[in-house]
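Read through the structure below, which is laid out as structure tokens, and then see the notes.
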Amino acid sequence: MITDGAPITEQDRARIAAAIHAAEQRTAGDIVCVLMRSSSSYSYAPLLWASFVALLSPWALVAATQLSVTRILALQVAIFFVVGLALMYPPLRMALVPRAIKRTRAHRAGMEQFFARGVAQTKNRMGVMIFVSLAEHYAHVVADDGIASRVDHMVWRTTVDALTTHIGQGRVADGFIAAIELCGNVMAEIAPADGTGHTLPDRIYVL
């Protein structure tokens, strides 16, 4: 996955907006895309690990040296700061966080975006959000009640697979466009266009 730098360009944004507009011409539902670089800073992880290493260090220092208690305490503080600063490096910081915690944080961020972007307020509850959090390698399609109850879970799984396959190859925009087209096909069958306008903007939110 792409995890650093600008994940998409302005041209990519325009392509994604055009794909959303085209898909929504066939359905009464709305599609929203959200791309997050990370769902959390996980700033606590380096501090926890630095504390753990610092707490263990006196045992090693006592066994291997003849230092005074004062010097051992000073070294313990130094170890805490050195280890903590070293683990602030983003790739290391992310590696320290268990996968289950990263997925939980990303899922929660996705649900927050679902409501923050108004997907739950569309007419007839026909909104769908395509959500990606790059740092956590997490992708999810969240459908509102009017769509979710009428679509098999494997349909969304196939959509996520298409999305993540492209992103895994560094083609973030292509992944979103593929997912938008698949969502549009499903939504067109369940909620075909009825001639009314869409309430949500055709765009991708990059956070």
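For this structure, a couple of remarks:
- Selection status of His137, buried (at least 16 other Cβ atoms within 10 Å of the Cβ), of a type outside the set (Lys, Arg) and at positive phi: yes
- Checked across segment 191-203, the condition of being modelled with pLDDT of 95 or more and buried (at least 20 other Cβ atoms within 10 Å of the Cβ) holds for no residue.
- Among the residues making up segment 42-90, those that are part of a helix (DSSP H, G or I) and aromatic (Phe, Trp, Tyr) are Tyr44, Trp49, Phe52, Trp59, Phe80, Phe81.
- Selection count where residues are farther than 9 Å from Ala106 by Cα and outside any loop (DSSP other than H, G, I, E, B), scope segment 122-139: 8
- For His198, the conditions (1) part of a helix (DSSP H, G or I); (2) under 15 Å from Val119 (Cβ atoms) are fulfilled apart from (1).
- Every test in (1) in the same structural domain as Asp194 (by TED's automatic domain parsing); (2) buried (at least 19 other Cβ atoms within 10 Å of the Cβ); (3) not β-branched (Val, Ile, Thr) is passed by Asn124 save one, and that test is (2).
- If you filter segment 4-23 down to residues that are at pLDDT below 95 and surrounded by 15 or more Cβ atoms within 10 Å (Cβ to Cβ), you find that the one that is farthest from the chain's Cα centre (by Cα) is Ile8.
- Residue match in segment 126-146 (condition: under 13 Å from Glu24 (Cα atoms) and among the β-branched types (Val, Ile, Thr)): yes
- Residue in segment 118-133 that is over 19 Å from Asp202 (Cα atoms) and modelled with pLDDT of 95 or more present: yes
- With respect to the stated conditions, Ala63 is farther than 30 Å from Asn124 by Cβ, modelled with pLDDT under 95 and exposed (fewer than 12 other Cβ atoms within 10 Å of the Cβ).
- Once segment 24-50 is narrowed to residues that are of a type outside the set (S, T, N, Q) and within 18 Å of Ala191 (Cβ to Cβ), the residue that is surrounded by the fewest Cβ atoms within 10 Å (Cβ to Cβ) is Arg26.
- The number of residues in segment 142-177 that are closer than 20 Å to Glu10 by Cβ and surrounded by 14 or more Cβ atoms within 10 Å (Cβ to Cβ) comes to 9.
- When every residue of segment 143-165 is checked against the conditions, none turns out to be closer than 14 Å to Ile20 by Cα and assigned to a helix (DSSP H, G or I).
- The numbered conditions (1) assigned by TED's automatic domain parsing to the domain that holds Ala139; (2) out of contact with any strand residue (DSSP E or B) (no Cβ under 8 Å at 6 or more places or on another chain) are all true for Gly110 except (2).
Let's see how each residue does on (1) in contact with a Gly (Cβ under 8 Å, 6 or more places away or on another chain); (2) free of Cβ contacts under 8 Å to residues at least 40 places away in the same chain:
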site	(1), (2)
Tyr42	no, no
Leu47	yes, yes
Trp59	no, yes
Thr65	no, yes
Thr70	no, yes
Arg93	no, no
Val151	no, yes
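The values are calculated or read from the model by the stated rules, or taken from the named source; none is laboratory data. The shown structure was predicted, so the numbers you read here are calculated from the model rather than taken from an experiment. Cβ: placed from backbone, ideal geometry, glycine included. Neighbour counts: every protein chain shown.
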